[in-house]
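Engineer: Handing you a structure now.
The values are calculated or read from the model by the stated rules, or taken from the named source; none is laboratory data. Computed from a predicted structure; not experimentally measured. When we count neighbours, we look across all protein chains shown, and the Cβ atoms used for this are built from the backbone with ideal geometry, even at glycine.
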Amino acid sequence: MAITLPQLPFEKDALAPYITANTLDFHYGKHHKAYVDNLNKLIEGTELAAKSLEEIIKIAAKDSAKTGIFNNAAQVWNHSFYWQCLKKAGGGAPTGAVAEKIKATWGNFEKFADDLKNAGITQFGSGWAWLISEGNELKITKTANADTPIAHGQKPLLTIDVWEHAYYLDYQNRRPDYLSAVIQNLINWDFVNANLG
C-alpha cells in the first residue's frame, strides 16, 4: 500500500499573512511531497511496503540500516500532523480539556506559550517543537531533524515545524517571529483537544 500525500486541511492562502501560499507551495508541494515519493521508492518491494506509516517508523527506528527509511517516513508523518495543527483564525489561548491541563501544568497559557516558543527557538538546526502526552502528563519537548515522539512511545498533541523551509520565505532568519505567529494565530486547538481524548 503506497504512502500518499494527504490533502491540506485548508486552502493554500488560508494561513496568510502568517504562513503564505508561497511557503506552502514549497513546504507542502515540494518538501512534503519529496518525502512521500522517496519513502515509496525506499520501501517498494520490501516487507515494509505493506505496513502502515506508523509501523514503518517504529520498525525503522530500531534498525540503523533503515535510517533513510526512518527519516523519510517520520518526515511524512510529522508534516501530515503539522498541517492538522494549523487553521485560519486559530491560536491564542485554548479552550476545552487541553486548556485545563495546560493551566494545571504551566500555571497559565502565557508560560506554556513561552516554553513552547523557547523549545522551537533552542532547537539547534532543523527539527520540531512538540506538546506531548506521556503517561498522564503534558510535556513540551523538541526533536532534531526527522525524529518524532511516536518513535519514543510518546503521544503527540501539537507540533510546530522549525526546519528553515517552514518559515524562511516569510520570515528569513526570524524563527522567533514565526513561532510567535503560529502560537498566537494558527494553532488548531480543536485538533489538539481531539488528540488528548
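Engineer: Could you pull out the residue among Ala34, Ala14, Ala49 that is at pLDDT 95 or above and not in a helix (DSSP H, G or I)?
Structural biologist: The unique qualifying residue is Ala14.
Engineer: Does Gly68 meet the test of being in a loop (DSSP other than H, G, I, E, B), surrounded by fewer than 16 Cβ atoms within 10 Å (Cβ to Cβ) and of a type in the set (Gly, Ala, Ser)? If you could, list the steps in order and put the result at the bottom.
Structural biologist: Working: in a loop (DSSP other than H, G, I, E, B): no; surrounded by fewer than 16 Cβ atoms within 10 Å (Cβ to Cβ): yes; of a type in the set (Gly, Ala, Ser): yes.
Answer is no for this residue.
Engineer: Given the structure, is Leu138 in contact (Cβ under 8 Å) with a residue 12 or more places away in the chain, surrounded by 22 or more Cβ atoms within 10 Å (Cβ to Cβ) and not β-branched (Val, Ile, Thr)?
Structural biologist: Values: in contact (Cβ under 8 Å) with a residue 12 or more places away in the chain: yes; surrounded by 22 or more Cβ atoms within 10 Å (Cβ to Cβ): no; not β-branched (Val, Ile, Thr): yes.
Against the criterion (in contact (Cβ under 8 Å) with a residue 12 or more places away in the chain, surrounded by 22 or more Cβ atoms within 10 Å (Cβ to Cβ) and not β-branched (Val, Ile, Thr)), Leu138 does not qualify.
Engineer: Can you name the residue in segment 14-65 that is more than 19 Å from Trp163 (Cα to Cα) and of a type in the set (S, T, N, Q) and is also surrounded by the most Cβ atoms within 10 Å (Cβ to Cβ) among such residues?
Structural biologist: Restricting to residues being more than 19 Å from Trp163 (Cα to Cα) and of a type in the set (S, T, N, Q), the top hit is Asn40.
Engineer: Here's another thing I want to ask about it. Checking Leu158 against (1) part of a helix (DSSP H, G or I); (2) buried (at least 18 other Cβ atoms within 10 Å of the Cβ); (3) of a type in the set (A, V, I, L, M), which single condition isn't satisfied?
Structural biologist: The one condition Leu158 does not meet is (1).
Engineer: What number of residues in segment 1-38 are free of Cβ contacts under 8 Å to residues at least 60 places away in the same chain, assigned by TED's automatic domain parsing to the domain that holds Ala60 and either in contact with a Gly (Cβ under 9 Å, 6 or more places away or on another chain) or among the aromatic types (Phe, Trp, Tyr) (or both)?
Structural biologist: 3
Engineer: Taking segment 1-37 only, how many residues are basic (Lys, Arg) and within 17 Å of the chain's Cα centre (by Cα)?
Structural biologist: Restricting attention to segment 1-37, the residues satisfying the condition of being basic (Lys, Arg) are 12, 30, 33.
Now drop any that are not within 17 Å of the chain's Cα centre (by Cα), which leaves 30, 33.
Counting residues in segment 1-37 that are basic (Lys, Arg) and within 17 Å of the chain's Cα centre (by Cα) gives 2.
Engineer: Working only within segment 170-191, note down all residues that are part of a helix (DSSP H, G or I) and under 14 Å from Lys117 (Cα atoms). Write out each step before concluding.
Structural biologist: First, the residues of segment 170-191 that are part of a helix (DSSP H, G or I): 170-171, 175-185, 189-191.
Across segment 170-191, the qualifying residues are Arg175, Pro176, Asp177, Tyr178, Leu179, Ser180, Ala181, Val182, Ile183, Gln184, Asn185.
Engineer: Let me ask something else. Given the condition over 18 Å from Leu196 (Cβ atoms), among the hydroxyl-bearing types (Ser, Thr, Tyr) and part of a helix (DSSP H, G or I), answer yes or no: does some residue in segment 97-115 qualify?
Structural biologist: no
Engineer: When Lys142 is evaluated against the numbered criteria (1) within 15 Å of the chain's Cα centre (by Cα); (2) in a loop (DSSP other than H, G, I, E, B); (3) of a type in the set (Lys, Arg), which criterion, by number, is the only one it fails?
Structural biologist: (2)
Engineer: Let me ask something else. For a quick check of your reading of the model, give me the residue pairs whose first member lies in segment 105-128 and is at negative phi and surrounded by 15 or more Cβ atoms within 10 Å (Cβ to Cβ), whose second is charged (D, E, K, R) and in a loop (DSSP other than H, G, I, E, B), with beta-carbon atoms closer than 9 Å and at least 6 apart or on different chains.
Structural biologist: Trp128/Asp147
Engineer: Say whether the condition of being buried (at least 20 other Cβ atoms within 10 Å of the Cβ), outside the structural domain of Phe70 (by TED's automatic domain parsing) and in contact with a Leu (Cβ under 7 Å, 6 or more places away or on another chain) is met by at least one residue in segment 142-151.
Structural biologist: no
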